[in-house]
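The values are calculated or read from the model by the stated rules, or taken from the named source; none is laboratory data. This is a predicted model, so every value here is computed, not measured. Methodologically, a virtual Cβ is constructed for each residue, glycine included, from the backbone with ideal geometry; neighbour enumeration extends over all protein chains shown. Side chains are part of the model used for accessible areas, which takes the heavy atoms of the whole protein and leaves out ligands, DNA and RNA. Shrake-Rupley method; radii C 1.70, N 1.55, O 1.52, S 1.80 Å.
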Amino acid sequence: MRVSDEGIKLIKHFEGIHKKPYVCPAAYWTVGVGHLITRDSVLPSSWNRTFSSGEIDDLLRADLQRFELGVLRLLRPMQPTQSVFDSVVSFSFNLGLGTFQRSSVRSALIRGDKKRAGKVLLKYCRAGGKILLGLVRRREAEYALLMR
């Protein structure tokens with residue numbers, strides 16, 4: 001199963017698209033849609049350029065493979081619909097597969113309780129202990145996709 005074009009559009013919208021490398025809030029060099037370049041504090045010269053939209057899409061597609069496989073593994077034996085899959089991959093791309101693995105979102109989905117999963121998903125809107133409007137909006141968009 002792969003993230004649909006609609007799912008990719010949602011991820012790009014909330015992650016943002018950066019054609020030039022930048023240092024993310026976690027102090028890592030990043031480009032495109034949250035693609036980590038290196039863990040070193042120095043940008044490799046081969047990455048110090050402007051990336052095309054095609055290159056950014058290729059990086060994102062490669063990065064998403066890990067999340068697609070992880071979500072499918074973590075939801076077994078459930079077979080998610082495309083909208084549920086897209087929503088959960090976006091959630092995991094943002095928060096990490098470990099957070100998804102430990103979440104009540106996952107356990108509710110495995111139990112077949114999509115309503116409860118959606119309710120819990122909406123609570124993941126804090127960073128540094130504060131509610132962030134951008135995360136509230138992202139969770140609302142993921143919720144809408146999940147509930148289809």
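In the stretch 137-148, the qualifying residues are those that are charged (D, E, K, R) and without any contact (Cβ under 8 Å) to a residue 60 or more places away in the chain, and the one that is surrounded by the most Cβ atoms within 10 Å (Cβ to Cβ) is 139.
Going by what's in this entry, would residue 51 be described as assigned to a helix (DSSP H, G or I) and either within 13 Å of the chain's Cα centre (by Cα) or without any contact (Cβ under 8 Å) to a residue 60 or more places away in the chain (or both)? Explain how you work it out, then say what you get.
Details: assigned to a helix (DSSP H, G or I): no; either within 13 Å of the chain's Cα centre (by Cα) or without any contact (Cβ under 8 Å) to a residue 60 or more places away in the chain (or both): yes.
Considered against the rule, which asks whether it is assigned to a helix (DSSP H, G or I) and either within 13 Å of the chain's Cα centre (by Cα) or without any contact (Cβ under 8 Å) to a residue 60 or more places away in the chain (or both), residue 51 comes out as no.
Residues that are assigned to a loop (DSSP other than H, G, I, E, B) and surrounded by 14 or more Cβ atoms within 10 Å (Cβ to Cβ) do not occur anywhere in the stretch 5-13. For residue 34, the requirement of being of a type outside the set (Phe, Trp, Tyr), in contact (Cβ under 8 Å) with a residue 40 or more places away in the chain and surrounded by 14 or more Cβ atoms within 10 Å (Cβ to Cβ) is met.
Within the stretch 117-136, residues that are under 17 Å from residue 10 (Cα atoms) have Cβ atoms under 9 Å from residues that are modelled with pLDDT under 90 and assigned to a loop (DSSP other than H, G, I, E, B) in no pair, counting only partners at least 6 apart in sequence or on another chain.
Taking first residues from the stretch 2-20 that are at negative phi and partners that are open to solvent by less than 30 Å² (accessible area, probe 1.4 Å) and in a loop (DSSP other than H, G, I, E, B), the Cβ contacts under 6 Å between residues at least 6 apart in sequence or on separate chains come to 12/33; 15/33; 17/33; 19/51. I need a count of the residues in the stretch 52-110 that are open to solvent by 40 Å² or more (accessible area, probe 1.4 Å) and under 11 Å from residue 7 (Cβ atoms). Going through the stretch 52-110 one residue at a time, the tally reaches 1.
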